[in-house]
Amino acid sequence: LHKPEYSRGSRTKVMNFYIALYMLLLDEFNTKLLTPDLTKKQLEELHSQATVLYKDYLDEKSFNFIGCPKGICKEFSGLIKDIYSVAKLRTSKPLYQAYDHTFNYLEKFWLPQFFHSNEVSDIFLFKT
């Protein structure tokens with residue numbers, strides 16, 4: 001994924017793009033996570049994906065940080081320490097809290113922007 005150059009005023013637009021992208025990736029991850037009887041290879045792949053989700057979107061130092069509360073991020077991080085603990089994300093709160101946080105943000109701040117469709121399409125085309 002190409003990270004666009006942006007001015008200070010367009011940071012919010014870029015952030016909205018990454019929040020929407022995180023929502024899609026989290027939904028895909030959750031679908032895979034809910035597969036019953038995961039093999040070791042599937043657990044390894046899920047662990048790798050969970051680590052990327054954390055590093056790219058839940059780590060406060062990340063450019064793409066989505067602004068989740070620290071508690072959610074810390075708990076998520078603790079559940080991805082090894083490949084076998086990643087399956088605990090199925091029934092733990094942080095995965096769903098991160099999803100809720102993102103959904104609520106998009107609903108509150110981004111959904112109204114769909115009335116200005118040119119602005120929304122510009123986000124996906126990296127126009128500023």
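The values are calculated or read from the model by the stated rules, or taken from the named source; none is laboratory data. Bear in mind that the values here come from a model prediction, so they are computed numbers and not experimental data. In case anyone asks, the SASA skips ligands and DNA or RNA and just uses the protein heavy atoms, side chains included. Shrake-Rupley method; radii C 1.70, N 1.55, O 1.52, S 1.80 Å.
Starting from the Cα-Cα distance between N104 and T51, subtract it from 0.36 nm times their residue separation and give me the gain in nm to one decimal. So the extension gain works out to 16.8 nm.
K70 sits with roughly 140 Å² accessible to a 1.4 Å probe, with DNA, RNA and ligands left out of the calculation. Counting heavy atoms of the protein chains alone, Y99 has an accessible area of about 80 Å² for a 1.4 Å probe. The largest accessible area among K61, K93 belongs to the first residue in K61, K93, and the rest follow in falling order (1.4 Å probe, all chains).
Among the listed pairs K61/K108; K41/K88; K40/K81; K41/K70, a Cα-Cα separation exceeding 22 Å is found for K61/K108; K41/K70. Extension gain, Y84 to N30: 0.36 nm times the residue separation minus the Cα-Cα distance gives 17.9 nm. On full extension, the segment bounded by S62 and T91 gains 7.8 nm, given 0.36 nm per residue less the C-alpha separation.
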